[in-house]
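This report refers to the structure that appears directly beneath it.
The values are calculated or read from the model by the stated rules, or taken from the named source; none is laboratory data. Computed from a prediction, not measured in an experiment: that's the story for all the values here. We place every Cβ from the backbone using ideal geometry, glycine too, and count neighbours over all the protein chains shown. Calculation scope for accessible area: heavy atoms of the full protein, side chains included, ligands and nucleic acids excluded. Shrake-Rupley method; radii C 1.70, N 1.55, O 1.52, S 1.80 Å.
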Amino acid sequence: MKTYKSVKGSGVYSILGITVAYDVFLTILLYLVSYYEITTLLKITIVIFNIYQLYYMLISCSLNYSIDNENLYIDSALGLKKIRLSLDSIQGYQKSQGYIKGVKLSGYGNNNYAIGRSIIDKIGSTYMFVTSMKNIIYLKTEDTNYGLSPEKFSEFEEELNKKGVNELSWSYKINKNVNLYKDKKFFIPFSIVAVIVSIITVTPLILYVYNKLPGMMPLNFNAQFVAVKFGTAKQFAFKHMFYGILNMAILVCMYYAAYFCAKYDRKSAYKFMYVPLILSVVFLFMQIRILLTFR
């Protein structure tokens, strides 16, 4: 097996700079805001954001590619990313130099580097593992394309040729038949979010209609979950109904974003359901905590 390191680029420093800038901004915002709902969302955002950033930083600085007699491997430190491509499944490759021209669907990247899924000009939907624009090789398979930036580019290309993988030109078409509702990977999380949003919206109204809420209920909390403003049960019910409607609006927006993305890359479309799923679970948790504490 021969192993080729990825070219050391500036991607990791770019991601690190973005991480520091956003962490400073979110931390300042966290100290300025004193409402329980917003501080809870900010804390969760900071945790998820930093995990996301760390994931891509580790991949960017530790990518390597290996080739044996049967497979090509894309690996990174700690096994965060490990892809095995059968050499028989690789239909051919194209070479490129200079700025990366395309649209990022997920992950990180700009004109100089790209880690994640992108639509590359004249290439199509591509899973990018490119740390430098200096020398890029695009591998074509039936499902998707892969972008690599090996340090010893000529040697890597020569090794591909020895394994029967040769240079090839191809074109791509946009997928016009997108039926996400038939896909379990999309439909199941979508259905879960719809159920949670319905619970958030309907539960306070049902409790209000059947007089199961106290006459006065908290409307606002400080960051320590201490009520700072009270209102009638009706105000409380309608405020939480608004939260449910807000979550439903986010779900609809993410659905259409996923539908658009699926035309180019179906796998990237699934990730759009994570946003409304996380938000709805957070709002449901906050509602349950309030009801258990003040009923």
Simple spin-label estimate for residue 2/residue 142, 7 Å along Cα→Cβ, in nm, reads 2.8
CD proxy, 222 nm, the chain: helix-only mean residue ellipticity via -39,500 (n - 2.57) per DSSP H run with n ≥ 4, per residue, nearest 500, stands at -16000 deg cm²/dmol
Stretched fully, the stretch from residue 184 through residue 242 gains (0.36 nm per residue minus C-alpha distance, one decimal, in nm) 18.0 nm
Over the range 178-235, with neighbouring protein chains present, the accessible area per residue in Å² at probe 1.4 Å is 59
Quick calc, residue 202 & residue 235: beta-carbon distance into FRET formula, R0 25 Å, rounding 0.05, result 0.90
Given a 1.4 Å probe, the accessible area of the range 118-161 per residue, as a whole number of Å², is 37
Once phi for every residue in the range 223-229 is put through the Karplus expression 6.51 cos²θ - 1.76 cosθ + 1.60 (θ = phi - 60°), the whole-Hz ³J(HN,Hα) values, with Gly and Pro written as x, are 5, 8, 6, 9, 5, 10, 8
Place a point 7 Å from the Cα of residue 87 in the direction of its beta carbon; the residues of the range 1-33 whose amide N falls under 17 Å from it are 1-4
On the accessible surface of the chain, probed at 1.4 Å with all protein chains in place, carbon and sulfur together account for a percent value of 61
Residue span residue 38 to residue 21: 0.36 nm per residue of separation minus Cα-Cα distance leaves a gain in nm of 4.1 nm
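Rounded if a/c is under 1.5, else prolate if a/b is larger than b/c, else oblate: which is the chain, with a ≥ b ≥ c the root eigenvalues of its Cα gyration tensor?
Prolate.
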The lysines whose Cα lies under 25 Å from the Cα of residue 5, excluding any fewer than 8 residues away in the same chain, are 81, 82, 95, 101, 104, 134, 140, 152, 162, 163
